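What follows is a single structure, written as structure tokens, with notes after it.
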Amino acid sequence: MNKLHPLSLLVLALWFSSAALALNAPLWLLGVWLLSLLAAWLSRSLDLKLWLRQLIRLLPLLAVILMIQALFVKQGRLLGGQGWYAVHAVALSNGIAFCLRLLILLGSARLMLRLEFEDYEAAFAGLRLPEELGFMVFYTVRILPMLNRRLGHNRLLLRLRGLDWRKLPLRARLLVYQRVALALLAEMLTRSGIQAIALELRGFRSPGPRSRLQQRSFGLGDLVFLMSLIALTVSLLILYSR
């Protein structure tokens, strides 16, 4: 998949996100999730150790989602329990489907994070869309990972100063969160301003044709990939509608 045009990879990420929102059955969502893992592995954007670490961190959130669905949704066949802690089939199915949707969306984001700015530029140029739009999408996709890295850096600085905010009282912890969040917001705005100035100095909005170091064009692999994706979509629609 590394030889595919960047637009094909963006279409694939969009396809996974759309399938996650359109499908409701847990088995179908599980299949889409496995396909997203396969695509991430083929595109070399799947670091197994990092993925397992992220999945372990997500387990408490997934458990809370399942618990909320089980306690507040009382529809379908009773699976076990009674009264307020009764678990019904619809609740369990909805909870599993929501968790799988979250995992699929994270996989789609992983595919998009693999692409550099030149890839977004080539993808949007293939659609004859403005170059500014490609940069906006690229920068938006990269904001959350950047903030996550800066948050980890701030946590390290606090620990080096002998401050462990996990052991602080709730009020003091919220105060630390507030100050760190304001610092991160100010840094993000400053960074965005510097990026805008750098783009203007490089003639980002200058008219006329542009020269590129690497020319990206669609090939036979992209055609086969897109036709296969269309065939898969049609097959899913036919099987899911039954």
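The values are calculated or read from the model by the stated rules, or taken from the named source; none is laboratory data. Being a predicted model, the structure only gives us computed values, none of them experimental. Note that each Cβ is placed from the backbone with ideal geometry, even for glycine, and that neighbours are counted across all protein chains shown.
Here are the numbers:
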item: Subset of region 126-152 [in contact (Cβ under 8 Å) with a residue 60 or more places away in the chain and among the small types (Gly, Ala, Ser)]; result: Gly126
item: Residue within region 5-16 that is farther than 27 Å from Phe117 by Cα, aliphatic (A, V, I, L, M) and modelled with pLDDT of 85 or more present; result: no
item: Test: residue in region 65-73 that is under 30 Å from Leu184 (Cβ atoms), of a type in the set (Gly, Ala, Ser) and either surrounded by fewer than 16 Cβ atoms within 10 Å (Cβ to Cβ) or touching a helix residue (DSSP H, G or I) at 6+ places or on another chain (Cβ under 7 Å) (or both); result: no
item: Hey, Gln82 modelled with pLDDT of 75 or more, surrounded by fewer than 11 Cβ atoms within 10 Å (Cβ to Cβ), over 30 Å from Ala39 (Cα atoms) and not small (Gly, Ala, Ser) or not; result: no
item: Qualifying position, being at pLDDT 85 or above and among the polar types (S, T, N, Q), among Ser43, Ser36; result: Ser36
item: Residue that is farthest from Arg149 (Cα to Cα), among those in region 177-192 that are without any contact (Cβ under 8 Å) to a residue 40 or more places away in the chain and of a type in the set (Gly, Ala, Ser); result: Ala186
item: Residue in region 158-176 that is modelled with the lowest pLDDT, counting only those that are under 28 Å from the mean Cα position of the chain (by Cα) and surrounded by fewer than 13 Cβ atoms within 10 Å (Cβ to Cβ); result: Arg166
item: Residue satisfying all of: in region 216-242; free of Cβ contacts under 8 Å to residues at least 60 places away in the same chain and among the small types (Gly, Ala, Ser); farthest from Leu42 (Cα to Cα) among these; result: Ser241
item: Qualifying residue in region 94-113 (condition: at pLDDT 80 or above, over 19 Å from His5 (Cα atoms), surrounded by fewer than 13 Cβ atoms within 10 Å (Cβ to Cβ) and hydrophobic (A, V, I, L, M, F, W, C)); result: no
